[in-house]
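Undergrad: For reference, the structure I am asking about is given below.
The values are calculated or read from the model by the stated rules, or taken from the named source; none is laboratory data. Model, not experiment: these values are computed from the prediction. Positions of Cβ are generated from backbone atoms using ideal geometry, with glycine treated the same way; all protein chains shown enter the neighbour counts. Quick note on the areas: whole protein, heavy atoms, side chains included, nothing else; ligands and nucleic acids left out. Shrake-Rupley method; radii C 1.70, N 1.55, O 1.52, S 1.80 Å.
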Amino acid sequence: MSGSTTSPFAALANSSGSPGLFASPKPSQSPFAAAGANNQGGMGFFGGFGQKAPAIGFGALAAKPFANVISSAPKPLGPVAGPKPVKPFGAPEDYSEDEGSDEEDDEESGDEEKSKKEKEPKTVKSEVFQETEVVTGEENEITICHYRAKSYHFDKSASAWKERGVGTLKLLASKIDLNDLADNPDGPIKRKYRLIMRADAVHKVILNVPLTEDLIATYGDQGKFPSGNNFRLLGFENGELMTLLIKLRNPTDSRMLYTHILEGLLGPEAASKKIEEQA
């Protein structure tokens, strides 16, 4: 036919870039193969062993952005030296560690000071005691003799001897007045005598009797040598005449006390004469 027209099937076949209706289409690439091809150096879906396996599925797509960020971050060259561990960037500061280190420093300094104090020699402070002067009333007297004894007094209302206590019996004589001695150098030396006794421990005065020549006949054993270790006498205490008994340790002490009283009141010569008469 003149002016023949092209067959529609031929037109389809001659169209550039498009296959014919009955032409075999160009095989399309598998998505698995494409994923494998995009990974350089990777293996295909059915690639051989020994090659890097590609990431497959959603995990691969989700991991790529974060993996790129982490891989791009600078890596430390090595562990950072110091007592504190390395903290991630942006982590809050932990001040408790600093406070703990300060407390440890304080404890260490305290231990060092304690050890220094222990090593230092200990100085013992000695207390200074000052002697206190005790006034006894015996400052202007001298002790002629003293003995251990026990004293009694006779209670008239009870008609019995009552004990006063145990202590040290002393025969005291007043000191010589130098003024009287200068005025009368040839005269007799005037002294006052008394018996005083203080209780043990408490030092309480339990006997204080002045001795006079008028009552010498009552001393000892009614004006004679004591026969035993008992020494009797009459004496005034607080203005009242008392009958007293002094019990010494032995007859020798009793005799010596009687002799010293006679020598003081009568003088050495008169005392020795009286003693000879009683012998």
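Undergrad: Could you check, for the stretch 174-183, whether at least one of its residues is in a strand (DSSP E or B) and surrounded by 14 or more Cβ atoms within 10 Å (Cβ to Cβ)?
TA: No, the stretch 174-183 contains no residue that is in a strand (DSSP E or B) and surrounded by 14 or more Cβ atoms within 10 Å (Cβ to Cβ).
Undergrad: Also, I was wondering about something else. Among the numbered conditions (1) surrounded by 11 or more Cβ atoms within 10 Å (Cβ to Cβ); (2) over 17 Å from Leu171 (Cβ atoms), tell me where Ile216 comes up short.
TA: So the condition that Ile216 fails would be (2).
Undergrad: While we're on this one: Which residue is most open to solvent (accessible area, probe 1.4 Å), if the candidates are limited to the stretch 139-161 and must be more than 22 Å from Leu234 (Cα to Cα) and assigned to a loop (DSSP other than H, G, I, E, B)?
TA: Step by step, filter the stretch 139-161, then rank; the result is Asn140.
Undergrad: Taking the stated definitions as given, is Arg255 touching a Phe, Trp or Tyr at 6+ places or on another chain (Cβ under 8 Å), farther than 21 Å from Gly165 by Cβ and of a type in the set (D, E, K, R)?
TA: Yes: the conditions hold for Arg255.
Undergrad: Within the stretch 191-200, is there a residue that is within 60 Å of the chain's Cα centre (by Cα), surrounded by 14 or more Cβ atoms within 10 Å (Cβ to Cβ), part of a loop (DSSP other than H, G, I, E, B) and touching a residue at least 60 places away in the same chain (Cβ under 8 Å)?
TA: Yes: the stretch 191-200 contains one or more residues that are within 60 Å of the chain's Cα centre (by Cα), surrounded by 14 or more Cβ atoms within 10 Å (Cβ to Cβ), part of a loop (DSSP other than H, G, I, E, B) and touching a residue at least 60 places away in the same chain (Cβ under 8 Å).
Undergrad: May I ask you to list the residues in the stretch 202-213 that are open to solvent by 40 Å² or more (accessible area, probe 1.4 Å) and touching a Lys or Arg at 6+ places or on another chain (Cβ under 8 Å)?
TA: Lys204, Val205, Asn208, Pro210 - these are the residues of the stretch 202-213 that are open to solvent by 40 Å² or more (accessible area, probe 1.4 Å) and touching a Lys or Arg at 6+ places or on another chain (Cβ under 8 Å).
Undergrad: Can I ask one more? If the requirement is being open to solvent by 40 Å² or more (accessible area, probe 1.4 Å), modelled with pLDDT under 95 and under 15 Å from Ile196 (Cα atoms), which of these qualifies: Phe225, Phe236?
TA: On inspection, the qualifying residue turns out to be Phe236.
Undergrad: Can Glu240 be described as of a type in the set (D, E, K, R) and more than 24 Å from Lys156 (Cα to Cα)?
TA: Spelling it out, it is not the case that Glu240 is of a type in the set (D, E, K, R) and more than 24 Å from Lys156 (Cα to Cα).
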